[in-house]
Amino acid sequence: MPTVSRANSGGALSHLRVLDLSRVLAGPWASQLLADLGADVIKVERPGCGDDTRGWGPPWLADGDGQATREAAYFLCTNRNKRSLTVDITRREGQEIVRRLACNSDVLIENFKVGGLAAYGLDQHSLRVLNPKLVYCSITGFGQQGPYAERAGYDFLIQGMGGLMSVTGTPDGEPGAGPQKVGVALTDILTGLYAGNAILAALAYRDRDGFRSGDGQHIDLALLDVQIACLANQAMNYLVSGTAPRRMGNAHPNIVPYQDFPTADGDMILAIGNDGQFARFCAVAGHPEWAGDERFSSNAARVRHRQALIPLLRQNTVLRTTGEWMAALEQAAVPCGPINDLAAVFADPHVVARAMRLDMPHASGGSAPQVANPIHLSATPVGYRKAPPALGEDSVTVLRELGHSDTQIAALRQAGIV
């Protein structure tokens, strides 16, 4: 099979090609991370409709005339630096295109149901016979085996099943009590980050000096596994104590005070992580005696006497505005902060200085806003080469790289294969 050319981005992963057969968020999040680091990512989409998230609007991206396109903001959040190739993988000719691409790829990412790609000969066993060096990453809701393996998995469902919602939300007995999901599809995002780490680990093992076979491997990632792994201290609190943690609103199970507090004009967050910080807060608040009170003098004591301390603090924090508290507490090196909406986030001078918002020219003629990658590498910085692609924007280029003539490409299009 012909070797497909690769544009060198200059990034840390510019020597790698990633074939992305995933949709929605977890898989695309992983492939965008690799793309930002320089990998050539080819996103395979269904002809005519593409990734589901292209239609998850409004809001829609505006074109050069300010008119709404059919490019949803959701799709734009996780498909930067990729090339879009439309292929009908249910057709024999489409399957052959994917096989040829897999033979010239280092990584394949997919999130079909367990066994879903086997019917097309695109499962990990089939493709790794053709390309033993391929790192094949499968992302599912529940993994490749187990009683739930055949089930479809969605982030909201997994947040509930995996315990996150049991520790998120207002405590029982208070107004608005009940379990609450996180405001973004956090399990999907965390799974994408785990996938990126797993892929890089598999590539490092494959390419290790002196490693005899040079083979890739299969990665089995389940959203439920990831959600449980990311319960962190809450999971360990349960395993150590045998008592299941409950919802505590914005309070912390192991640190006090570490939550939101009302102010004269809104709310603020106190994130006091040690006894010295607490003593300095008490001085600023005008109650240095709190730090010497045996009920509050250590974090362990404050956790035990949370119900006595928190009302005292709330009665005090409402006496000043958020801005006044921020100025005084920052001067005393007490961790604190406002609760910003997204308009305030992107207007924050520090966020602006960190260049966390950028704009990229889009195929529609407009400009696609983007949230920057937070990784800062000194020698191989993240690159922003290409806005999230229009559906099939790169089909002709990729097919030509595979050796197809313009006549062959036209025939594939006429047949609805690409």
Residue pairs, Cβ under 8 Å, 6 or more apart or interchain, first in segment 261-288 and within 11 Å of residue 320 (Cβ to Cβ), second basic (Lys, Arg) and surrounded by 18 or more Cβ atoms within 10 Å (Cβ to Cβ). List them. 263/320; 264/320
Every listed condition ((1) part of a helix (DSSP H, G or I); (2) out of contact with any strand residue (DSSP E or B) (no Cβ under 8 Å at 6 or more places or on another chain); (3) free of Cβ contacts under 8 Å to residues at least 24 places away in the same chain) holds for residue 295 save (1)
For segment 365-376, the count of residues that are at pLDDT 95 or above and either crowded, with 19+ Cβ neighbours inside 10 Å or basic (Lys, Arg) (or both) equals 2
Sole residue being among the hydrophobic types (A, V, I, L, M, F, W, C), surrounded by fewer than 16 Cβ atoms within 10 Å (Cβ to Cβ) and not in a helix (DSSP H, G or I), chosen from 410, 387, 379: 379
The residue that is nearest to the chain's Cα centre (by Cα), considering only those in segment 397-407 that are open to solvent by 40 Å² or more (accessible area, probe 1.4 Å) and of a type in the set (Val, Ile, Thr), is 397
Given the conditions (1) in contact (Cβ under 8 Å) with a residue 24 or more places away in the chain; (2) in a strand (DSSP E or B), every one holds for residue 359 apart from (1)
If you scan segment 149-164, which residues turn out to be open to solvent by less than 30 Å² (accessible area, probe 1.4 Å) and without any contact (Cβ under 8 Å) to a residue 60 or more places away in the chain? 149
Checked segment 236-252 for anything assigned to a loop (DSSP other than H, G, I, E, B) and without any contact (Cβ under 8 Å) to a residue 40 or more places away in the chain; matches are 242, 243, 250, 252
Using beta carbons and a limit of 8 Å, which pairs, at least six apart or on different chains, have the first residue in segment 328-354 and open to solvent by less than 50 Å² (accessible area, probe 1.4 Å) and the second one part of a helix (DSSP H, G or I) and of a type in the set (Phe, Trp, Tyr)? 329/281; 332/281; 334/281; 336/325
Flag for residue 280 being touching a Leu at 6+ places or on another chain (Cβ under 7 Å), not small (Gly, Ala, Ser) and not in a loop (DSSP other than H, G, I, E, B): no
Number of positions in segment 230-267 that are among the aliphatic types (A, V, I, L, M), out of contact with any strand residue (DSSP E or B) (no Cβ under 6 Å at 6 or more places or on another chain) and within 25 Å of residue 293 (Cα to Cα): 3
Does at least one position in segment 213-221 carry a residue that is part of a loop (DSSP other than H, G, I, E, B), closer than 29 Å to residue 74 by Cα and open to solvent by 40 Å² or more (accessible area, probe 1.4 Å)? no
Provide a single number: the residues in segment 154-180 that are of a type outside the set (S, T, N, Q) and either part of a loop (DSSP other than H, G, I, E, B) or under 13 Å from the mean Cα position of the chain (by Cα) (or both). 13
Is it fair to say residue 76 is more than 20 Å from the chain's Cα centre (by Cα), closer than 24 Å to residue 189 by Cβ and among the aliphatic types (A, V, I, L, M)? no
Specify which of the listed residues (283, 264, 251) is within 32 Å of the chain's Cα centre (by Cα), aliphatic (A, V, I, L, M) and open to solvent by less than 70 Å² (accessible area, probe 1.4 Å). 251
When you scan segment 116-142, how many residues do you find that are surrounded by fewer than 22 Cβ atoms within 10 Å (Cβ to Cβ) and in a strand (DSSP E or B)? 0
Could you tell me which of the residues 214, 173, 192 is in contact with a Pro (Cβ under 8 Å, 6 or more places away or on another chain) and modelled with pLDDT under 95? 214
If we scan segment 299-319, do we find a residue that is in a helix (DSSP H, G or I), open to solvent by 40 Å² or more (accessible area, probe 1.4 Å), in contact (Cβ under 8 Å) with a residue 40 or more places away in the chain and among the aliphatic types (A, V, I, L, M)? yes
Quick check: is even one residue across segment 181-191 outside any strand (DSSP E or B), open to solvent by 50 Å² or more (accessible area, probe 1.4 Å) and more than 30 Å from residue 75 (Cα to Cα)? no
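The values are calculated or read from the model by the stated rules, or taken from the named source; none is laboratory data. It should be emphasised that the depicted structure is a prediction, and the values quoted were computed from it without experimental measurement. Neighbour counts are summed over all protein chains in view; Cβ atoms, including those assigned to glycine, are modelled from backbone coordinates with ideal geometry. All accessible areas refer to the heavy atoms of the entire protein, side chains included, with ligands and DNA or RNA removed. Shrake-Rupley method; radii C 1.70, N 1.55, O 1.52, S 1.80 Å.
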